[in-house]
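FYI, it's all coordinate maths here, none of it is from the lab. These numbers come from a predicted model, not from an experiment. Please note: Cβ atoms are built from the backbone with ideal geometry, for glycine as well, and neighbour counts cover all protein chains shown.
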Ligand SMILES: CC(C)(COP(=O)(O)OP(=O)(O)OC[C@H]1O[C@@H](n2cnc3c(N)ncnc32)[C@H](O)[C@@H]1OP(=O)(O)O)[C@@H](O)C(=O)NCCC(=O)NCCS
């Protein structure tokens, strides 16, 4: 498997592939997202203006991806909670989504994609911290699959810590057809401390 880096207009060539990954993977718990291709194209084309995308390829097939952009370029719904908490958005790089098709999970590829994007951001030297978001669901959520592994474990394993008391409210339509705001927890990791707390297994 290989990792392929995209930025600028080259992202546009992969919009439908990326949209396909998001639309299928985000149907899963905890997202339960009922997305539309047109919305996905619009959202993902933002990464062609600012930001970057890494694709994981098995032969010619795109089997995973990670996206990111400076937090200050993200939507207000993500930027405002940082400002409100006294954190300067300009200092953060936002990891947007990390996606792998189910047969390719638990093989280290998610970790490799995240490491590679973090290294790239660190080399650019423009941000002091990485950040990402996870969706909060109640423990007893009826859609939670048996044996579900919370993504928070993966975040901690990679050295991210929760930004206590700071959340983003993001709306999307779920598979039941209802559009509601979800509460997302926000996580941070210092670029300088990128070697801490990772891969302890
Ligand atoms: C979360 C995800 C990116 C991890 O990538 P991966 O290649 O499977 O992970 P790695 O092999 O590098 O690392 C394995 C770790 O991920 C965990 N993991 C695997 N699948 C997972 C899943 N669906 N949800 C949460 N964690 C998962 C494993 O339990 C393992 O945890 P550990 O290190 O504490 O033992 C991938 O499983 C995935 O695409 N999940 C669905 C989409 C998603 O939730 N993305 C994150 C937010 S955008």
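Numerical summary
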| read-out | value |
| --- | --- |
| For the chain: relative contact order, % (alpha-carbon pairs under 8 angstrom, 6 or more apart) | 20 |
| Cα-based radius of gyration of the stretch 1-118 once divided by 2.2 N^0.38 Å, which approximates compact folds | 1.07 |
| Part-to-part distance (alpha-carbon centres) for the stretch 41-62 and the stretch 93-172, which is given in Å | 17 |
| P(r), alpha carbons of the chain - 5 Å bins starting at zero, rounded % | 1, 7, 15, 20, 22, 19, 11, 4, 0, 0 |
| The stretch 87-154 shape via C-alpha gyration tensor axes, a/c threshold 1.5 | oblate |
| Segments 128-137, 98-107 sorted - mean Cβ within 10 Å per residue, highest first | 128-137, 98-107 |
| Length added when fully stretched, residue 169-residue 50, from 0.36 nm per residue minus Cα-Cα | 40.6 nm |
| FRET efficiency, 1/(1 + (r/R0)^6) with R0 30 Å, evaluated for residue 161 and residue 41 via beta carbons | 0.35 |
| Peptide ranges 36-43, 185-192 listed from the most packed, as the mean C-beta count within 10 angstrom indicates | 185-192, 36-43 |
| Projected label distance in nm at residue 73 and residue 136, using a 7 Å step from Cα toward the beta-carbon | 3.0 |
| Segment residue 57-residue 151, length gained on full extension (0.36 nm per residue, minus Cα span) | 31.6 nm |
| Segment residue 85-residue 143, length gained on full extension (0.36 nm per residue, minus Cα span) | 17.7 nm |
| Protection-proxy order for peptides 83-89, 47-53, each taking the mean of Cβ atoms within 10 Å per residue, highest first | 47-53, 83-89 |
| GNM result for the chain, Cα springs below 10 Å: residue of 110, 68, 125 fluctuating most strongly | 125 |
